[in-house]
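Read the structure below first, then the notes.
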There are 2 protein chains.
Amino acid sequence: MEKRITMAHGSGGRATQRLIEEIFAPRFRNAVLARMNDAALLEVEGGRLALATDGHVVSPLFFPGGDIGRIAICGTVNDLAMMGARPRWLTLSFVLEEGLPLADLERIADSMAQAAEEAGVQIVAGDTKVVERGHGDGLYVSAAGVGIVPPGVEVEAANARPGDLLLINGPVGNHGITLMLRREGLHFDAPLESDAAPLNHIVAALLEAAPHTHTLRDATRGGLATALNEIAQTAEVGIVVEEAAVPVDEAVRGACGLLGLDPLYVANEGVFVAFVPAEEAEAALAAMRAHPLGRRAQCIGRVVADHPGQVVLATALGAERILPPLSGNLLPRIC
Amino acid sequence: MEKRITMAHGSGGRATQRLIEEIFAPRFRNAVLARMNDAALLEVEGGRLALATDGHVVSPLFFPGGDIGRIAICGTVNDLAMMGARPRWLTLSFVLEEGLPLADLERIADSMAQAAEEAGVQIVAGDTKVVERGHGDGLYVSAAGVGIVPPGVEVEAANARPGDLLLINGPVGNHGITLMLRREGLHFDAPLESDAAPLNHIVAALLEAAPHTHTLRDATRGGLATALNEIAQTAEVGIVVEEAAVPVDEAVRGACGLLGLDPLYVANEGVFVAFVPAEEAEAALAAMRAHPLGRRAQCIGRVVADHPGQVVLATALGAERILPPLSGNLLPRIC
């Protein structure tokens, strides 16, 4: 008989202990976690830390190119990387639904361990709660993380300034469209998969090549358009995006056309935009293209002093129109 | 019409932004949060940090003495305090269920802001997701936190050693019994309420008075008995608890009798045990009793070299019996 999560796994007693010892400890093994304390003890040098959190309720739990475990690790790693930080330590907080097959939890924990290894981070503390059948959806997980910001790095949403060029590392829309098709049971000939990936290594290479990079932002929920609007508003600058320059895979473009979606609003889990001073843009682009996650890196636009707080799309036909942030809800539970 | 959470609040677009600006930002206001970055930037001196996380699925959301917001803040603050750390910064990750009244979310956020102020911590980053009606239970929340461990403090589960005395700050069982009665719709004449409280200030006073304290542990899920078993196993020591010395309120004792529960296994949210060398125990007890959360502090037992890994209860009648960790599930969704 298939083993499943029971309410006892959330008791804090023997069953919780067994779950930790049998599923999490062997996969996330490290010296800090092994000490079985209420909190992880970490040695740091003085300086600046980055601290971030991200919750994940993605449905379905498994999809082409990833699963909830992979995006939970990548989501928090990427939030730290967007501050120019080197991600180091993560914590995980699970809400499990009674009845979840233990085999699913094992597969998700395997995927988390692999993503953590790719990113070079340690999972140093965690918590597990269980809710009754019908009060969850298999598994929700929140990750929090700490990273170290190297001296000299000054990357912030507020720092974007007129003259900066916008560099993107790869095509938009793959994550959201993959999930959408999976959820609706639609099949496309073209292979589509989520782009979920840890961006910290490509960001480190970029910052080496372009140390005066002003701002980094990953284009997750709400897509590229919403991410750029957040920067325009926080930095009080205008942004112009050249529509034709934004990389979009043919399969994504086709699916968006059929479904009536705009790829600029579709969620990604491995796409980011760098706001780089023009004089460092060439070196930045070369560094991005030299990394496996940046082979299709492009300059997609620029920061301007006009229309502060707004993003303008320059279309292929030479027209310009305002690109607002997402309103309503394009795709629920995308991450 | 009552305003409620909709799926659009989880879109990452305008509605999410409005939720942050109208509910969270005004209550959690601080300079770090205001910068609207993907991660919070924190300045630290070199040394040791503590990092912890705790998820909360307590049902009901509101109960006498607290709510899910108060225990979410206190839970993570207390996990940090149990390492001797000074808690400084928290992150919050919400999973909201479609249909949750906004007034409930506001009340919970108010309660979080108040608990954070009591503890002296800042909420510096957060995330909000929304799940469809029937896939949650109003609100789940995970908190993660970072604290600073002062030089010289060496408090760890593994450090408990024979000769240590066990000091408890107050009576056990109030949180769990309060929730149990509330959930079952039972009423008692005696006023009962949750003990949810941030323990960092009383811990700081204790460590000042007893700087060689070896171990601290809060007795949450699984109660005092389970917490002591974890220490006995991690430190590979024996523990003897004097049953008559453990403070239990009359109302809790009465309710436990009626319900067939043992107060030693009932969850607390403001109770901790300190493992203190005998020569510092008197000063430690005095410091605890001088603090509002420690007025009824007691010495309840000692660490021994015998029966490593086991907790033994010395009963009022002079008998001894093994006190195992909780097995099964006493009270689901207690925190």
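The values are calculated or read from the model by the stated rules, or taken from the named source; none is laboratory data. Here the structure is a predicted model, which means the values were calculated and not measured. For neighbour counting, all protein chains shown are included, and Cβ atoms are generated from backbone atoms with ideal geometry for every residue, glycine included. When the accessible area is computed, the model is the full protein with side chains, heavy atoms only, and any ligands, DNA or RNA have been set aside. Shrake-Rupley method; radii C 1.70, N 1.55, O 1.52, S 1.80 Å.
Across the range A:101-116, a minimum of one residue is classified as open to solvent by 10 Å² or more (accessible area, probe 1.4 Å), of a type in the set (Gly, Ala, Ser) and more than 24 Å from residue B:52 (Cα to Cα).
So that you can scan it fast, the table gives a plain yes or no per residue for (1) within 14 Å of another protein chain (Cβ to nearest Cβ); (2) closer than 22 Å to residue B:236 by Cα:
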site	(1), (2)
B:258	no, no
B:266	yes, no
B:292	no, no
B:301	no, yes
B:312	no, yes
B:319	no, no
B:328	yes, no
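Taking the criterion of being assigned to a helix (DSSP H, G or I) and in contact with a Leu (Cβ under 8 Å, 6 or more places away or on another chain), the residues of the range A:273-293 that qualify are A:278, A:281, A:284, A:285, A:287, A:288, A:293.
Only residues that are farther than 19 Å from residue A:266 by Cα and crowded, with 19+ Cβ neighbours inside 10 Å: list them for the range A:303-333, please. Within the range A:303-333, A:303 is the sole residue that qualifies.
Residue B:142 meets all of the listed conditions (1) farther than 30 Å from residue B:244 by Cα; (2) open to solvent by less than 40 Å² (accessible area, probe 1.4 Å); (3) in the same structural domain as residue B:270 (by TED's automatic domain parsing) but one, namely (3).
So, in the range B:257-291, exactly how many residues are touching a residue at least 40 places away in the same chain (Cβ under 8 Å) and open to solvent by 50 Å² or more (accessible area, probe 1.4 Å)?
Final tally of qualifying residues: 4.
For the range A:157-206, taking the residues that are under 22 Å from residue A:89 (Cα atoms) and open to solvent by 20 Å² or more (accessible area, probe 1.4 Å), the one that is farthest from the other protein chains (Cβ to nearest Cβ) is identified as A:205.
Restricting to the range B:159-173, count the residues that are part of a loop (DSSP other than H, G, I, E, B) and in contact with a strand residue (DSSP E or B) (Cβ under 8 Å, 6 or more places away or on another chain).
Number satisfying all stated conditions: 6.
Selection of the range A:7-28 for residues being within 8 Å of chain B (Cβ to nearest Cβ) and on the phi < 0 side of the Ramachandran plot yields A:7, A:8, A:10, A:11, A:13, A:14, A:15, A:16, A:17. Within the range A:247-256, can one find any residue that is touching a residue at least 60 places away in the same chain (Cβ under 8 Å) and within 13 Å of chain B (Cβ to nearest Cβ)? No, that holds for no residue.
Consider the range B:117-139 and keep the residues that are more than 8 Å from chain A (Cβ to nearest Cβ) and closer than 30 Å to residue B:43 by Cβ. The one that is most open to solvent (accessible area, probe 1.4 Å) is B:117. Look at (1) crowded, with 24+ Cβ neighbours inside 10 Å; (2) more than 7 Å from every other protein chain (Cβ to nearest Cβ) and you find that residue B:86 fails only one, number (1).
Residues in the range A:112-140 that are basic (Lys, Arg) and free of Cβ contacts under 8 Å to residues at least 60 places away in the same chain: A:133 only. The number of residues in the range A:146-156 being more than 8 Å from every other protein chain (Cβ to nearest Cβ) and buried (at least 22 other Cβ atoms within 10 Å of the Cβ) comes to 1. Residues that are away from chain B (no Cβ under 14 Å), open to solvent by 40 Å² or more (accessible area, probe 1.4 Å), touching a helix residue (DSSP H, G or I) at 6+ places or on another chain (Cβ under 9 Å) and more than 14 Å from residue A:171 (Cβ to Cβ) do not occur anywhere in the range A:234-242.
Just checking, which of B:55, B:12 is in contact (Cβ under 8 Å) with a residue 40 or more places away in the chain and crowded, with 17+ Cβ neighbours inside 10 Å? After ruling out the rest, the residue left standing is B:55.
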